[in-house]
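Encoded as structure tokens, the structure appears first; notes follow it.
The values are calculated or read from the model by the stated rules, or taken from the named source; none is laboratory data. Every value quoted in this text rests on a predicted model; they were computed, and no experiment measured them. Here Cβ is always computed from backbone atoms with ideal geometry, including for glycine, and neighbour counts include all displayed protein chains. Keep in mind that these areas ignore ligands, DNA and RNA; they rest on the heavy atoms of the full protein, side chains included. Shrake-Rupley method; radii C 1.70, N 1.55, O 1.52, S 1.80 Å.
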Amino acid sequence: MRHLFLVTTIIVSLTGMMAQSATLTTPANFFGFEPGSDRNLFTYEQLISYFEKLDSESPRVRLEVIGNSPMGKPMYIAFISSEENINNLSAYREINRELALNANLGKEALSGMISEGKVFVLATLSMHSSEVGPSQASPLIAYDLASTTDEKKLEWLHNVVYMLVPNHNPDGMDLIVDNYKKNLGTKYEGASLPGVYHKYVGHDNNRDFVILTQDDNRAISRIYSQTWFPQVMVEKHQMGSTGTRYFVPPNHDPIAENVPAGVYQWGGIFGQHMVTDMTAEGLAGVSQHYLFDDYWPGSTETCIWKNVIGFLTEGASAREATPIFIEPSELSVGGKGLSEYKKSTNMLLPWKGGWWRLGDLVEYELVSTMSIIKTASLYREDILDFRNRMCREQVEKGKREAPFYYIMPARQHDMGELVNLVNLMKEHGVDVYTLQGEVEIEGRPYKTGDVIIPMAQPFRAFIKEVMETQEYPERHYTPGGELIEPYDITSWSLPLHRDVTSHEIRVRSTELEGKMNVIEGTYSLWDPAGMRGAAMVLPVSSNESFKAAFYALEMGLKVGRLNEDLELNSTGYDRGSFVVIQDPKKEESWQTLLGTLPMQPGMILDRRALNTAPIQIPRIALVETYFHDMDAGWTRYVFDTYHVPFTVLHPEEIQETDLAGRFDVIIFPDNDKEILMTGKRKSGDSYYMGSYHPDYSKGMEKEGFEKLMTFSDQGGIVIAWGRSANLFEGLLKIKHGDKEEEFQLPFRDISSDLAKGGLEVPGSLLKLGLLQDHPLTYGMNESIGVFSRGRPVFQTSVPMFDMDRRVIGTYPEKEILLSGYASKEEQLGNKAVMIWMKKGKGQFVFYGFNPQFRASTQSSFKLLFNAILLEREE
């Protein structure tokens, strides 16, 4: 009878599963085409509609909102698992939290959680929106898991909760799909999207996971930092078309020294299972130990510094949904891990060339995803045990190994950036404390209110990574041979990038630990008591003061800047500090402004005695090309965040624009001179064809540059940094009616000469000395760190005729590198890197660094803000 009961139960169960499969809507029926088929793409809204359909039809799928995109689209996560697991997600979430954060679990409690818990695998798809394959594959993956009757897959779903973010970048997905459909069937089918596939930052959205500026990234970060604490995470990407077909871990050197070895070992286990399973399915061209290092944080994989087994996959691209044919002779690799396109330990089954379709990539995504879920199921108990072991080891390491704490004094040059840094660390899931009382450590006194980040925390590796000074781990292809160069930047130290004083404490102090109070909620130094007066004074040393001043102007309040230093209630306010005047008719705006302040302003009862100059926001043009102009996008983000109004001006529009009539300031973020001038890329003496529709491949041309010179001649201010400064080098012309005036601004870029001498700066923080008491340096320390790639570097000369110049910023003679990597840095010694130029009424401000780099270099923001507030000469 018992056997009969079991057989009956199995039959009923299988019948139910088969019935469920029959009632689920297939992707092909829903979309009207098979996902991955040639020349077919669905939009983000269609994608989410399908997941909503699955959520309503299958007990194995639950869809939840996790946040909003920068353009306001709702973002979702789909939980896919057995029906029983879906019904108990809340209980499993608590198990995840305990395993991730509780270093004091008893053996019995730990054993019970390991026995009961499930492995949560988080997958984030297609954050780079031109990489369409992962998101287009997701309905097929979800349908397969929701409808399967395969016993092995059912076992996986019993052991694993698959957490699928169907698309990481909803805004970009719709932009890409709309652009593809617009050109479909024309000779420009597959043309690149003009502009960035994001509200602001395009491809750089995968460089944002330390500073968390973008709403979509913050939604993803919360999943592994604050809410669900998955044990495994994979981000799905695409790469070029003519190399390997697919990349799986392990990564290539260098790797992060702060990440525990076990995290990388587990990534390798998942990678080895993928390459085995994919090769067994006949999927050729799968590579490992190739191209992609794992040294820098900033990508979604920043979770590996938080004990998550995190990795990425990269698939070869078609032309979005348009097939491409690749000749065998066009296949190539190079550099890290593979020097020849041949069978090797890092690519066991080379792909031979031929047609490559979106459908091929979709198949690779299906097989790799099932392999990841299978591996998580196979090692369920080991993975759950590993997560809590990492927690315990990191906490114990924080108690026994230096550094033990990072302490940031409550008094800072920029108080607002201290507040922002504290709140950022809290958003990352890090506990931050304040000192209650006084304590002395190694001869240095610390006082009440000082901020402490102890290292005995589960996310110790992350704390150390972002709080310390970076030293690039130099690795070579052969002993003493060629250096393995970094994939991206080499500096991200939050205190250095924000000009916040931080002390690394290398001795343990039980006295300090007894006087720490954890910061609950949002950290602020603002006290509403005493907020009465006719005006408020905001210190020019704080970025937040600039933000408040710009916001006040936006709301119609009057704002001035101090013409001299001011002492107010024992607090000094330097020249250039802001004074916001209270207007009884705008009381709501006044209160709104007060509510945004992170630190205490000075309040003045009688403003009449103040020596101030009124300010207004100038009319700003921000030049942005259609060539995926990320630096311009970051500038837009910073300006929007700081309430700086601007108009985007594309280079080809300059010819037809009354520049002097519409604008006071024109800003050129970092871009190639040839793209700005001609709309084409240039290599050596030759131009080469781009992937954009011809309507978007235009520059300002000679006529536009003449208009720009006329703008300057009429008193306009031009601001440029990086390669854009090269626009203004050499012999220039201004038209005065029928006559032309030739002139040359007294500077030249010498960075190419320095590079020939071996200078190499792959993206590092360099020390910059600043000219003091100049309108461009109001609020600045005498020296700061600036983000540099070693170019441009300026050599000024004695000016002629109606020109002038000042060197505003200079590299010191020695000890130039603050954080990251630089070769032959001594060549930068005493070289100019920020200059002010004047020609007639016009002014030029050039930077040899990005003052707003990826919104992560708050130390130099004020150099840009001061520039846009320069007084024009009429």
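Given the whole protein assembly as supplied and a 1.4 Å probe, what does the accessible area of Glu520 come to in Å², nearest 10?
Result for Glu520: roughly 140 Å² accessible.
So for the chain: antiparallel DSSP bridges make up what percent, rounded to the nearest 5?
Around 70 percent of the beta bridges assigned by DSSP in the chain are antiparallel ones.
Considering only protein heavy atoms and a probe of 1.4 Å, how much of the accessible area of the chain is carbon and sulfur, as a whole percent?
47 percent
Starting from one equal scatterer on each C-alpha and no solvent at all, send me the Debye-based log10 I(q)/I(0) for the chain at q = 0.05, 0.09 Å⁻¹, two decimals.
-0.31, -1.00
With θ set to phi - 60° and the Karplus curve 6.51 cos²θ - 1.76 cosθ + 1.60, what are the ³J(HN,Hα) couplings of segment 369-378 in order, to the nearest whole Hz, using x for Gly and Pro?
So the Karplus estimates, Gly and Pro as x, are 5, 5, 5, 4, 5, 4, 5, 4, 5, 4 Hz.
Which net charge results for the neighbourhood of Gly267, defined as the other residues with beta-carbon distances under 15 angstrom from its beta-carbon, given Lys and Arg at +1 and Asp and Glu at -1?
-4
What is the extension gain from Thr478 to Glu513, computed as 0.36 nm multiplied by their sequence separation minus the C-alpha to C-alpha distance, in nm to one decimal?
Going from the current span to full extension adds 8.0 nm.
Hey, what's the chain come to in accessible area per residue, 1.4 Å probe, Å²?
On a per-residue basis, the chain sits at 39 Å².
Suppose every Lys and Arg Cβ carries +1 and every Asp and Glu Cβ carries -1, with no other charges. What dipole size does the chain come out with about its Cα centre, to the nearest 20 debye?
Result for the chain is approximately 300 debye, rounded to the nearest 20.
To the nearest 10 Å², what's Glu656's accessible area with a 1.4 Å probe?
So the heavy atoms of Glu656 present about 150 Å² to solvent.
Among the aspartates and glutamates, select those whose C-alpha is under 17 Å from the C-alpha of Lys306, and discard any that sit fewer than 8 residues away in the same chain.
The reachable aspartates and glutamates, counting only those whose Cα sits under 17 Å from Lys306, are Glu98, Asp208, Glu235, Glu257, Asp294, Asp385, Glu393, Glu396, Glu427, Asp431, Glu465, Glu468.
Taking only the alpha carbons of segment 587-630, what extent do you get along each of the three principal axes, in Å, biggest first?
52, 25, 20
Kindly list the residues of segment 182-206 that lie in the label zone of Asp488, defined by a backbone N under 14 Å from the point 7 Å along the Cα-to-C-beta vector.
The answer is 201-206.
Can you give the accessible area of Lys586, probe radius 1.4 Å, in Å² rounded to 10?
70 Å²
Please list, in order, the residues from segment 666-687 whose amide nitrogen is less than 19 Å from a point placed 7 Å along the Cα→Cβ vector of Ser241.
681
Let's test the formula: R0 of 25 Å, r as the Cβ-Cβ distance of Glu84 and Thr276. What FRET efficiency results, to the nearest 0.05?
0.25
Do you know the relative contact order of segment 367-486, to the nearest whole percent, from alpha carbon pairs under 8 angstrom that are 6+ apart?
Worked out over segment 367-486, it gives 27 percent.
Which order do the peptides 631-641, 677-687 take when ranked by the mean count of other beta-carbon atoms within 10 Å per residue, highest first?
631-641, 677-687
Using a Förster distance of 35 Å, how high is the FRET efficiency between Lys733 and Ser823, based on the Cβ-Cβ distance and rounded to 0.05?
My answer for the efficiency is 0.35.
Given R₀ = 51 Å, FRET efficiency for Tyr688-Asn29 by Cβ-Cβ distance, to 0.05?
Taking R0 as 51 Å, the efficiency between Tyr688 and Asn29 is 0.70.
Simple spin-label model, 7 Å along Cα-to-Cβ: Ser111 to Glu520 in nm?
In this crude label model, Ser111 to Glu520 measures out at 3.7 nm.
If DNA, RNA and ligands are ignored and the probe is 1.4 Å, what is the ranking of Tyr379, Tyr295 by accessible area, most exposed first?
Ranked list, largest accessible area first: Tyr379, Tyr295.
If packing is taken as the mean number of other Cβ atoms within 10 Å per residue, what is the order of 316-329, 642-655, highest first?
The most tightly packed comes first, giving 642-655, 316-329.
Highest mean first, how do 591-600, 204-213, 830-839 rank when packing is the count of other Cβ atoms within 10 Å averaged over residues?
Averaged packing, sorted descending, gives the order 204-213, 830-839, 591-600.
If a paramagnetic tag sat 7 Å from the Cα of Glu504 along the Cα-Cβ line, which residues of segment 447-470 would have the backbone N under 11 Å from that point?
Taking a point 7 Å out along Cα→Cβ of Glu504, the residues of segment 447-470 whose backbone N falls under 11 Å are 464-470.
Per 0.36 nm of contour for each residue apart, how much would the distance between Glu653 and Ala91 grow if the chain were fully extended, relative to their Cα-Cα spacing?
The span from Glu653 to Ala91 would gain 196.5 nm if fully extended.
Taking the dipole about the Cα centre of the chain, with the C-beta of Lys and Arg at +1 and of Asp and Glu at -1, give me whichever of Asn420, Tyr379, Ser138 is farthest to the positive side.
Highest projection toward the positive end goes to Tyr379.
Given Gly443, Ser493, Ile463, which one lies farthest toward the positive end of the charge dipole of segment 442-514, if we put +1 on the Cβ of every Lys and Arg and -1 on the Cβ of every Asp and Glu?
Most positive-ward Cα: Gly443.
Pick out, from Met800, Gly840, Ser823, the residue whose Cα sits farthest towards the positive end of the charge dipole of segment 696-848, with +1 on the Cβ of Lys and Arg and -1 on the Cβ of Asp and Glu.
The listed residue farthest towards the positive side: Ser823.
Would you work out the relative contact order for the chain, in percent, from Cα pairs under 8 angstrom that are 6 or more residues apart?
10 percent
How about Lys53: which aspartates and glutamates have a C-alpha closer than 14 Å to its C-alpha, ignoring those fewer than 8 places off in the same chain?
Within reach: Glu45, Glu64.
Cross-link list Lys702/Lys838; Lys342/Lys374; Lys73/Lys374: which exceed 25 angstrom alpha carbon to alpha carbon?
Exceeds cut-off: Lys342/Lys374; Lys73/Lys374.
Report the charge-dipole magnitude of segment 595-700 in Debye, nearest 20, computed about the Cα centre from +1 at each Lys and Arg Cβ and -1 at each Asp and Glu Cβ.
The calculation lands at about 340 debye.
Treating cross-link reach as a plain straight distance, find the lysines whose alpha-carbon is under 30 Å from the alpha-carbon of Lys824, omitting any fewer than eight places away in the same chain.
The qualifying lysines are Lys336, Lys464, Lys673, Lys682, Lys756, Lys767, Lys814, Lys862.
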